[in-house]
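A.B. asks: Before I ask anything, here is the structure I am working with.
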Amino acid sequence: MMRIKKRSVIPGFGLSVGFALTYLSVIILLPLAATFIKTADLSWTQFWSAVTSDRVLASYKVTFGASLAAALFNMPCGLMLAWVLVRYDFVGRRVVDALVDLPFALPTAVAGISLTSLYSTNGLFGKLLEPIGIKVAYTPIGIWVALTFIGLPFVVRTVQPVLQELEPEIEEASATLGASRLQTIRRVVLPGLMPSVLTGFTLAFARAIGEYGSVVFISGNMPMRTEITPLLIITKLEQYEYAEATALAVVMLVISFALLLFIQIVQGRLQRRLGT
Amino acid sequence: MAGTISTLTHVAGHSRRRSIEDPRWLRWLLIGGALSFVALFLIMPLAVVFTEALRKGWSAYLAAFQEPDARAAIKLTLLVAVIAVPLNMVFGLAAAWAITKFDFRGKTVLTSLIDLPFAVSPVIAGLVYVLLFGAQGWWGPWLMEHDIKIIFAVPGIVLATVFVTFPFVARELIPLMQSQGKNEELAALTLGASGWQTFRRVTLPNIKWGLFYGVILCNARAMGEFGAVSVVSGHVRGLTNTVPLHVEILYNEYNIQASFAVASLLTVLALLTLVLKAFVEWRHQKSVQKADAVETRQFASK
Amino acid sequence: MKLTTIFGTIATVAAIAFPAAAKDHTLLNVSYDPTRELYVEYNKVFTKYWKDKTGDTVIVQQSHGGAGKQARAVIDGLEADVVTLALAYDIDAIAERTGRIPANWQSRLPNNSAPYTSTIVFLVRKGNPKGIKDWDDLVKPGVSVITPNPKTSGGARWNFLAAWAYAKKQYGSDEKAKEFVTKLYKNVPVLDSGARGSTITFVQRGIGDVFLSWENEAFLALNELGAGKFEIVVPSLSILAEPPVTVVDKTAKKKGNLEVAQAYLEHLYSSEAQRIIAKHYYRPFKPEDADPADLKRFPKLELVTVDEEFGGWQKAQKTHFADGGTFDQIYKP
């Protein structure tokens, strides 16, 4: 399969490809394949009932619902943040720019306990929200908060470089032709950013559905109400229901792969359009 | 936080800039919105870690690290990072070298496969190794017979960590090395340098900052991984408990202050990572500017 | 702290100077959820006892979690020298599946290998706003009950059996009892994997009106976690919980820990250990060794046993908690 097309004078092809492929297979591909093979222990009907029981369906709803809500919320907020960071200068811009990556670097468990203590009823925000009837910690809103935090960098970091490359001439031309600033932004700038916003959204969504560490602390883990699918996998493992845990894992893997493929296609198109 | 505002676009000419400048009210609105979003979702959680950690004063804060279990957790986390990060660094270098210096069939597939672990839930990353090496797994009985421990022991924790942090170095290096092309390497080779010399003297200096950032990000994630490690660890205090798991245990024991104290250690690591990233970006920009300047000068002298 | 460091240093120096004289042992005690505080204190006492007796240094490492989950971890290869779990069945399962513990393990130590016992009580919020007095109040609509998952937690299985025993006595038959626990579990919004998780849910997350809790865990919550926020309600009938302990012979032997592991468990029956046990709200096997003030805290109530009421753990487990058992039939979240 991996045959070199042109002879190259640069050495190390065999070594680098060989090592990369072996390592990839041993660490990633083989174990993932094991997951799929393990589900073969179940018959088709067993598999189906394992991945569509009431509790499991409720967990999909919580996981995908909260992930979607968080990624959707991150779309305008991330766009706004990217815009402000690229286009304006203000005191603290560099600090904010650096902080955007915090959710990448901060361990999820730390994010989990910190958000929980902020939003639980005796926390700083929880205290303010309780009188107006909003409970965040141990409700689906809490899951949304955690997933918004986790997904925050994705839209910003995919939009930022595109915005930087965007040529001011187009905007100037639009302005010269009599468009107001808002019209220019809506008709000229935003359409150009859409593919990157979409990529950022999908990345944030894909990350959110698999998230575990930050969510378990804040969600309350109530079956049917605030139980996410990754936690359900762990619960099944703890109950020794390996095959069922694996079946759930397979469902999540398939969805993740589909999302990844979608991102690749969007990015492929984007690159072709930009001609790079 | 917002003081003076001016547009950043470095376009010459005052009138040109004005035409694509946003109205003042919009600028204020967007900056205000962005800053409140950042304050609400990033700065507050960060602040809480430190205020909770120091709630009972410095002596209580330091006491959290005197505990033998906390020390063992820190040691284990360091050990795991020391094994996992270099492995992924070597892989990142090999993969980036293969992908950016050669054309071969299956290259795009390889590139996509590197991203795979990003899309996989950490819980599943732990689960796959339990399926392979757990006592009920494929090789479990054989491992038991030969008295090799992987799950509930350090090797399992290392494997899960390697899985989760797998793409970081490669993802940093591939775009960087792609943009640099292979002309410099070709020149060096033509001048008679060996492959290893070329790599060390030409490629490495070019990518050192990118590599450095990939490594520190990989390290931050390796030390902070929770979900995957939680599945394979067995949670034995002082033995298979990493720092993030120790944070969870303390939290579940209502020892909130100690939990945040240990968490603050990881938070400092995260902040350090961000600072280093900013530094690397600054270095990178400087080197690009320098290269540009050199090019213009050469062009002008011709 | 300082003293132990000095001792530690001396021990290290001694170990280097006289390699044959003193040995280091690292013992792994795999336990269930609420014993954390108890074993932290007991391990210190035992380390000192063993040091004085033999000159060897023992470091005891702990792992805690739901008893069922912990048993599975041991079956899955977690190298425990001793297991101190919430109920006998989980240790039976380890013995059966791994062969690392002899089948007659329970007869090796006094009192069916249970150095301490406990029971199940109710923890309610201050002032008992829902007016909960006995098991009957738990099945009323609108009462939210917190209990862990019987599939993974030992305490949760004691809870289930206690409710069953009460209903059977009150209403006369197993069918009625099943109806009763079905209604009870309808009122359970969340099943954590261990007793400690449930305590967090009830105490910290503020979920639920009543928490079916280990007696010791209830006292801990009452006195140390939320002083003045909770009350203990003692039901008219509960179950005598006997958390047993045993050595995992083959593992301990392999690690060269057999002797120290045996001593570790035997020492639990000593008067200094029994005193600590009572201090941590467990009912000591030998009450005469405990501080009378500690003993006074335990309420008096009617306790049934698994052997009399359910024909032993093997049978109880198979009927109620195995796959397809009563619990699977009744629990639909």
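The values are calculated or read from the model by the stated rules, or taken from the named source; none is laboratory data. None of these values were measured; they are calculated from a predicted model. Ideal geometry is used to build each Cβ from the backbone, glycine not excepted, and the neighbour counts take in all protein chains shown.
Every residue, every condition in (1) farther than 17 Å from A:LEU21 by Cα; (2) crowded, with 24+ Cβ neighbours inside 10 Å; (3) of a type in the set (S, T, N, Q); (4) out of contact with any helix residue (DSSP H, G or I) (no Cβ under 8 Å at 6 or more places or on another chain), yes or no:
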{"site": "B:GLU67", "(1), (2), (3), (4)": "yes, no, no, no"}
{"site": "B:ALA84", "(1), (2), (3), (4)": "yes, yes, no, no"}
{"site": "B:LEU127", "(1), (2), (3), (4)": "yes, yes, no, no"}
{"site": "B:LEU132", "(1), (2), (3), (4)": "yes, no, no, no"}
{"site": "B:GLU145", "(1), (2), (3), (4)": "yes, no, no, yes"}
{"site": "B:GLY156", "(1), (2), (3), (4)": "yes, yes, no, no"}
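A.B. asks: Looking only at residues in the stretch C:39-84 that are of a type in the set (A, V, I, L, M), modelled with pLDDT under 95 and in a helix (DSSP H, G or I), which one is farthest from C:GLU217 (Cα to Cα)?
C.D. replies: Result: C:ILE75.
A.B. asks: Here's a follow-up. In the set B:GLN197, B:GLN257, which member is within 30 Å of C:GLN204 (Cβ to Cβ) and not aliphatic (A, V, I, L, M)?
C.D. replies: B:GLN257
A.B. asks: Something else about it: Which of the residues spanning the stretch B:255-296 are of a type in the set (Val, Ile, Thr) and within 30 Å of C:GLY226 (Cα to Cα)?
C.D. replies: Correct list: B:ILE256, B:VAL262, B:THR267.
A.B. asks: Now for a separate question. Regarding the stretch B:159-169, can at least one residue be identified that is more than 9 Å from every other protein chain (Cβ to nearest Cβ) and free of Cβ contacts under 8 Å to residues at least 40 places away in the same chain?
C.D. replies: No, the stretch B:159-169 contains no residue that is more than 9 Å from every other protein chain (Cβ to nearest Cβ) and free of Cβ contacts under 8 Å to residues at least 40 places away in the same chain.
A.B. asks: Report the residue count in the stretch B:88-109 for those that are more than 13 Å from A:GLY12 (Cβ to Cβ) and surrounded by 19 or more Cβ atoms within 10 Å (Cβ to Cβ).
C.D. replies: 4
Yes or no, residue by residue, for (1) facing chain A (nearest Cβ under 9 Å); (2) closer than 12 Å to B:ALA64 by Cβ; (3) in contact (Cβ under 8 Å) with a residue 40 or more places away in the chain:
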residue	(1), (2), (3)
B:ASN255	no, yes, no
B:ALA258	no, yes, yes
B:ALA263	yes, yes, yes
B:THR273	yes, no, yes
B:LEU276	no, no, yes
B:PHE279	no, no, no
B:HIS284	no, no, yes
B:ASP292	no, no, no
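A.B. asks: To continue, here is another question. Can you find a residue that is over 17 Å from C:PRO34 (Cα atoms), away from every other protein chain (no Cβ under 14 Å) and in contact with a Gly (Cβ under 8 Å, 6 or more places away or on another chain) anywhere in the stretch C:248-258?
C.D. replies: no
A.B. asks: From the set of residues in the stretch A:203-223 that are facing chain B (nearest Cβ under 10 Å) and not aliphatic (A, V, I, L, M), which is farthest from the chain's Cα centre (by Cα)?
C.D. replies: The qualifying residue farthest from the chain's Cα centre (by Cα) is A:PHE217.
A.B. asks: What's the number of the only condition in (1) under 21 Å from A:ILE27 (Cα atoms); (2) out of contact with any strand residue (DSSP E or B) (no Cβ under 9 Å at 6 or more places or on another chain) that B:PHE152 fails to meet?
C.D. replies: (2)
A.B. asks: Looking at the stretch C:249-271, is at least one residue among the hydrophobic types (A, V, I, L, M, F, W, C), under 19 Å from C:ASP33 (Cα atoms) and out of contact with any Lys or Arg (no Cβ under 6 Å at 6 or more places or on another chain)?
C.D. replies: yes
A.B. asks: Is it true that B:LYS208 is touching a residue at least 40 places away in the same chain (Cβ under 8 Å) and either among the basic types (Lys, Arg) or out of contact with any Ser or Thr (no Cβ under 8 Å at 6 or more places or on another chain) (or both)?
C.D. replies: Judged against the criteria, B:LYS208 is not a match.
A.B. asks: Working only within the stretch B:49-75, note down all residues that are within 10 Å of chain A (Cβ to nearest Cβ) and without any contact (Cβ under 8 Å) to a residue 12 or more places away in the chain.
C.D. replies: B:THR51
A.B. asks: Something else: Identify all residues within the stretch A:6-54 that are β-branched (Val, Ile, Thr), farther than 20 Å from B:GLY137 by Cα and under 30 Å from the mean Cα position of the chain (by Cα); write none if there are none.
C.D. replies: Correct list: A:VAL17, A:THR22, A:VAL51, A:THR52.
A.B. asks: Search the stretch C:108-122 for residues being surrounded by 24 or more Cβ atoms within 10 Å (Cβ to Cβ) and under 14 Å from C:ALA273 (Cα atoms), and hand back the single one that is nearest to the chain's Cα centre (by Cα).
C.D. replies: Step by step, filter the stretch C:108-122, then rank; the result is C:TYR116.
A.B. asks: While we're on this one: Just wondering, is there one or more residues in the stretch B:222-237 that are more than 10 Å from chain A (Cβ to nearest Cβ), more than 30 Å from C:SER193 (Cα to Cα) and among the aliphatic types (A, V, I, L, M)?
C.D. replies: No, the stretch B:222-237 contains no residue that is more than 10 Å from chain A (Cβ to nearest Cβ), more than 30 Å from C:SER193 (Cα to Cα) and among the aliphatic types (A, V, I, L, M).
Residues are listed down the side, and each one gets a yes or a no for (1) of a type outside the set (S, T, N, Q); (2) in a loop (DSSP other than H, G, I, E, B); (3) within 14 Å of chain C (Cβ to nearest Cβ):
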| site | (1), (2), (3) |
| --- | --- |
| A:ARG225 | yes, yes, yes |
| A:VAL254 | yes, no, no |
| A:ALA258 | yes, no, no |
| A:GLN267 | no, no, no |
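A.B. asks: Given the stretch B:203-286, what helices (runs of 4 or more DSSP H) lie entirely inside it while holding 2 or more residues that are out of contact with any His (no Cβ under 6 Å at 6 or more places or on another chain) and over 20 Å from B:VAL169 (Cβ atoms)?
C.D. replies: B:227-233, B:243-252
A.B. asks: Scan the stretch C:21-51 for residues that are touching a His at 6+ places or on another chain (Cβ under 7 Å) and of a type in the set (A, V, I, L, M, F, W, C) and report the count.
C.D. replies: Within the stretch C:21-51, residues that are touching a His at 6+ places or on another chain (Cβ under 7 Å) and of a type in the set (A, V, I, L, M, F, W, C) number 2.
A.B. asks: Read through the list (1) in contact with a Gly (Cβ under 9 Å, 6 or more places away or on another chain); (2) of a type in the set (S, T, N, Q); (3) surrounded by fewer than 22 Cβ atoms within 10 Å (Cβ to Cβ), then give the number of the only condition that A:THR116 fails.
C.D. replies: A:THR116 satisfies all of (1) in contact with a Gly (Cβ under 9 Å, 6 or more places away or on another chain); (2) of a type in the set (S, T, N, Q); (3) surrounded by fewer than 22 Cβ atoms within 10 Å (Cβ to Cβ) except (3).
A.B. asks: Those residues that are charged (D, E, K, R) and in contact (Cβ under 8 Å) with a residue 24 or more places away in the chain, I need them from the stretch B:107-122; list them, please.
C.D. replies: B:ASP115, the sole residue that qualifies.
A.B. asks: How many residues are aromatic (Phe, Trp, Tyr), over 13 Å from B:ARG171 (Cβ atoms) and in contact (Cβ under 8 Å) with a residue 12 or more places away in the chain when one looks only at the stretch B:85-106?
C.D. replies: 1
For (1) farther than 20 Å from C:VAL181 by Cβ; (2) at pLDDT 90 or above, each residue gets a yes or a no:
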residue: C:LEU295; (1), (2): yes, yes
residue: C:GLU302; (1), (2): no, yes
residue: C:PHE310; (1), (2): no, yes
residue: C:HIS320; (1), (2): no, yes
residue: C:ASP323; (1), (2): no, no
residue: C:ASP328; (1), (2): no, no
residue: C:TYR331; (1), (2): no, no
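A.B. asks: What is the number of the single condition among (1) more than 9 Å from chain A (Cβ to nearest Cβ); (2) out of contact with any Leu (no Cβ under 9 Å at 6 or more places or on another chain); (3) closer than 29 Å to C:ARG205 by Cα that B:TYR251 does not meet?
C.D. replies: Single failed check for B:TYR251: (1).
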